[in-house]
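Okay, so here's the structure we're looking at.
The values are calculated or read from the model by the stated rules, or taken from the named source; none is laboratory data. Note that the structure is predicted; figures quoted are calculated from it, not measured. Note that each Cβ is placed from the backbone with ideal geometry, even for glycine, and that neighbours are counted across all protein chains shown. In case anyone asks, the SASA skips ligands and DNA or RNA and just uses the protein heavy atoms, side chains included. Shrake-Rupley method; radii C 1.70, N 1.55, O 1.52, S 1.80 Å.
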Amino acid sequence: MNLFTVADFYINRLVNSQARSSNPSLIEQNRIKALILDKDTTSTISMCATQSELLNHEIYLVDTIENNNRNVMRHLKCLVYVKPTEETIQALIRELDNPRYGDYHIFFNNTVTKSQLERLAEADSMECVSKVEEIFQDYFILNEDLFSFDLPSENLFYNSLMWDEVGLTDCTKSLTSLLLSLKLRPEIRFDATSRLCGKLAKELSYEINHNESSLFDFPPMDSPPVLVLLDRKTDPLTPLLQPWTYQSMISEYIGVKRNMVDLSNVPDIDKDLQKVTLSSRQDSFFKDTMYLNFGELGDKIKKYVDNYKEKTNTNSRINSIEDIKNFIEKYPEFRKLSGSVAKHMAIIGELDRQLQMRDVWEVSEVEQNLSVHKDDPEDFQDLVKILENSKIDAYYKLKLACIYALRQGNDNSQLNEIVQILQNQPLVPVDDVNLFHKFRRIFGQNQAADESRYWERDDLLTELTKRFNSRMRNADSGNVFMQHIPKISKLLTDFSKNKVPKEQFKTLEETETFRGASASPPSQDLVVFVVGGVTFEEARFVHEFNQTMEGKMRVILGGTSVVSTHEYMESIRQISGSDI
């Protein structure tokens, strides 16, 4: 289950599209093409294919369906790749009323309704449309085993317990698209404590059953695939902790949006580096380093720069015709390497500047100690020192207080002391103190009970789990900044042994007969979806789990969005008091 492989399959199907008539002419096969996208599929294509790859398939023009100022070019074949929204259907109808191209092949990234097709057919009075097809990629691929819908929480939920109807529909359709692209008809299991997950499970189950004969008619499997729906509220600790791996740090300190990193606010940045693309598929250095911690990253970038220097020195010796020939042959590679080195040096330099400016080293160490130690007086004293330190940003103080409330929140006297300290700090806004109270109301007692009931680790883990967690720690047991293990680690281990507690993850009644209790072997294909957003740190654990279990089990991780610590705290701030 490699998402990039899925993307390749659909992109090849799109760019190599031929009319359904048999034996197309050679002229037809080699006809140059235009690719028309919409605001959703533009990102989908850009995250999975480069401009050079499109040019290799005779695509010389890329534009958007929303652009009404496109020129008429009837000699071009037009490939249309759009999301079947009402806005896009209306734009397509206008396009077909006055076609700018000679031939249209229309592809939708999700299921299209019969009424939508009828409206398009009525608009195609000049019979320019040769093909209409559904290809399923209504989601964004970030890594080979990570996807996101890029739907912020404020657009998804009416309150903390109820879906917004439009948000629920969008999420259901995108999840359906993901399952169809992976050719999975899964057993759906969802967090028993989450009304959001329960509602999504019912909607998705209805969608699958409603389209079983037409879309989900896949061959039966010995161990059926499983879709697990998690609620972000089940593990509020992981998105609160400062990240220390390359990909997660970029998201935290600079920001990355659909593989685009905006460096325009970096002091003295070269104008060519103000916006850069970061993809593990197209950038070999990023693929090798995205899961490394900041210390390991420093060693890697040094070797990368040394390699660059070595290659440039070799290329600079041009003393003969043969040298010129070799230089010309290697020039594209040299240009690519040069741009990649400059890009990563700029990003890592900015990360280092942010770390120095924010002084988060001490903060992160206390965060990690609080997350793994229970009722440690020394940790509490370290927390108090930071809360009273006027040089530490108020945001980090608030976050530390929330972490303490999650992990050590049974001592009301200490929690009251924390509130007093926060209130006495002149740079801590009243809103932040109120947010701390809100956080305690949402997560306080329930989270403590959940910790003791489901997520005990070392004393309950079998030998397989211990070996798995040992690998997950990646020899970082001495790294004080990476002590925390997300709850998804224990979840994946339980699924690998087919021992997930039934009281924790329910299945819908209609799926109970789909898989005979626990008699089946562990599922080989597992999709984990987090309602409320997933983190890059959890993505790292899933990636390393896949490496550990290669040939035995495959896991794909996704979420409604990918959240940084700031985005997660802001989503909690948006919850109104009446919703708690």
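Laid out as a table, the results:
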{"item": "Test: residue in segment 245-253 that is touching a helix residue (DSSP H, G or I) at 6+ places or on another chain (Cβ under 6 Å), in contact (Cβ under 8 Å) with a residue 24 or more places away in the chain and open to solvent by 30 Å² or more (accessible area, probe 1.4 Å)", "result": "no"}
{"item": "Matching residues in segment 521-580 - criterion: being over 30 Å from ASN498 (Cβ atoms) and free of Cβ contacts under 8 Å to residues at least 12 places away in the same chain", "result": "GLU570"}
{"item": "Residue check for PHE218: open to solvent by 10 Å² or more (accessible area, probe 1.4 Å) and outside any strand (DSSP E or B)", "result": "yes"}
{"item": "Within segment 182-197, considering residues that are open to solvent by less than 10 Å² (accessible area, probe 1.4 Å) and in a helix (DSSP H, G or I), the one nearest to SER280 (Cα to Cα)", "result": "CYS197"}
{"item": "Condition met for LYS202 (touching a residue at least 60 places away in the same chain (Cβ under 8 Å), open to solvent by 20 Å² or more (accessible area, probe 1.4 Å) and among the basic types (Lys, Arg))", "result": "yes"}
{"item": "Top-ranked residue in segment 108-131 [being more than 14 Å from ILE93 (Cα to Cα) and either open to solvent by 60 Å² or more (accessible area, probe 1.4 Å) or among the hydrophobic types (A, V, I, L, M, F, W, C) (or both); ranked as modelled with the highest pLDDT]", "result": "PHE108"}
{"item": "Residue match in segment 65-87 (condition: within 21 Å of LEU180 (Cβ to Cβ), in contact with a Cys (Cβ under 9 Å, 6 or more places away or on another chain) and touching a residue at least 40 places away in the same chain (Cβ under 8 Å))", "result": "no"}
{"item": "Cβ pairs under 6 Å, 6+ apart, first in segment 170-189 and closer than 12 Å to ASP525 by Cβ, second assigned to a helix (DSSP H, G or I)", "result": "GLU187/THR511; GLU187/PHE514"}
{"item": "Segment 154-171: number of residues that are assigned to a helix (DSSP H, G or I) and open to solvent by 20 Å² or more (accessible area, probe 1.4 Å)", "result": "6"}
{"item": "Restricting segment 387-397 to residues that are within 34 Å of the chain's Cα centre (by Cα) and surrounded by fewer than 19 Cβ atoms within 10 Å (Cβ to Cβ), the residue that is nearest to LYS487 (Cα to Cα)", "result": "TYR395"}
{"item": "Scan of segment 54-67 for residues that are more than 12 Å from ASN16 (Cα to Cα) and either in contact with a helix residue (DSSP H, G or I) (Cβ under 8 Å, 6 or more places away or on another chain) or of a type in the set (Lys, Arg) (or both), ordered by number", "result": "VAL62, THR64, ILE65, GLU66"}
{"item": "Index of the failed condition, LEU200 passing every other in (1) assigned to a helix (DSSP H, G or I); (2) under 13 Å from LYS506 (Cβ atoms); (3) modelled with pLDDT under 95", "result": "(3)"}
{"item": "Residues (within 18 Å of VAL563 (Cα to Cα) and surrounded by fewer than 17 Cβ atoms within 10 Å (Cβ to Cβ)) located in segment 255-286", "result": "GLY255, LYS257, ARG258, MET260, ASP262"}
{"item": "Residues (in contact with a strand residue (DSSP E or B) (Cβ under 7 Å, 6 or more places away or on another chain), within 19 Å of LYS173 (Cβ to Cβ) and open to solvent by less than 30 Å² (accessible area, probe 1.4 Å)) located in segment 134-148", "result": "ILE135, TYR139, PHE140, ILE141, PHE147, SER148"}
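Rundown of residues vs (1) modelled with pLDDT of 95 or more; (2) over 17 Å from ASN2 (Cβ atoms), yes/no style:
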{"residue": "SER518", "(1), (2)": "no, yes"}
{"residue": "SER523", "(1), (2)": "no, yes"}
{"residue": "PHE529", "(1), (2)": "yes, yes"}
{"residue": "VAL542", "(1), (2)": "yes, no"}
{"residue": "GLN547", "(1), (2)": "no, no"}
